[in-house]
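So the structure is just underneath, and the comments pick up after that.
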Amino acid sequence: MTTVLRKYFEKGWLKYGNRLISAQDRLNAGNRFYADFYKAGIENFKIPDLAKPRVDGGNNKGTPDYVLDARARFNAAYMTLTIDEADLVMRVVCWDKTFKINNGADYRHDLEVSKENLCKALDGLFIHYWGAPQKAKIEIRGVVSEKASEDFRRWLTSMLTK
């Protein structure tokens, strides 16, 4: 089964945003966010009834550590998003629904803005999970060889000493 985020990736809609982050990186960030959402069990989250008497011997003694860890990771990632970004990411990534855009004169514009906002949010998630991407260091090398440079230095010193 293909997710909405995967469909957007295949359509080429995840290419906007930070140039150092690829569309594949954005897809990976969305998938990791969904994995934490799923492992945290947030869609099935039930608040315990504290008024209900507790009986020993049941299997439901507490929340497992891996669920608590996933909730902590999900909450930390969620807090990096703005309210609008969080709404969009939750809709597309977690609930697997398409963009909510009204048909009308501004449909194409609103669609492009939604694509850019989704990519911006996924860029934020990528930076949260893996850190800011680093530019490749460009090393500038001289065209002149060491021998030519030494010959030039000798010539220059000989000209200055005359």
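Every read-out reported here was derived from the displayed coordinates using simple, explicitly stated rules and does not represent laboratory data. Quick caveat: nothing in here was measured; it's all calculated off a predicted structure. So basically every Cβ, Gly included, is an ideal-geometry build from the backbone, and we count neighbours across all protein chains shown.
With 21 Å as the limit, the listed pairs LYS15/LYS39; LYS7/LYS39; LYS39/LYS100; LYS11/LYS115 have LYS15/LYS39; LYS7/LYS39; LYS39/LYS100 beyond it between alpha carbons. The label point for MET159 and the one for LYS147, both projected 7 Å from the Cα toward the Cβ, are 2.2 nm apart.
Which of TYR8, TYR129, ALA23 sits closest to the plus end of the dipole of the range 4-137, meaning its Cα is farthest towards the positive end, when Lys and Arg get +1 and Asp and Glu get -1 on the C-beta? Of the options given, the answer is ALA23.
Take the convex hull of the alpha carbons in the range 4-137; its mean projected area over all directions comes to 11.2 nm². Restricting the range 59-125 to trypsin sites (Lys or Arg not before Pro) that sit in a DSSP loop and have at most 16 other Cβ atoms within 10 Å of their own Cβ leaves LYS61, LYS97, LYS100.
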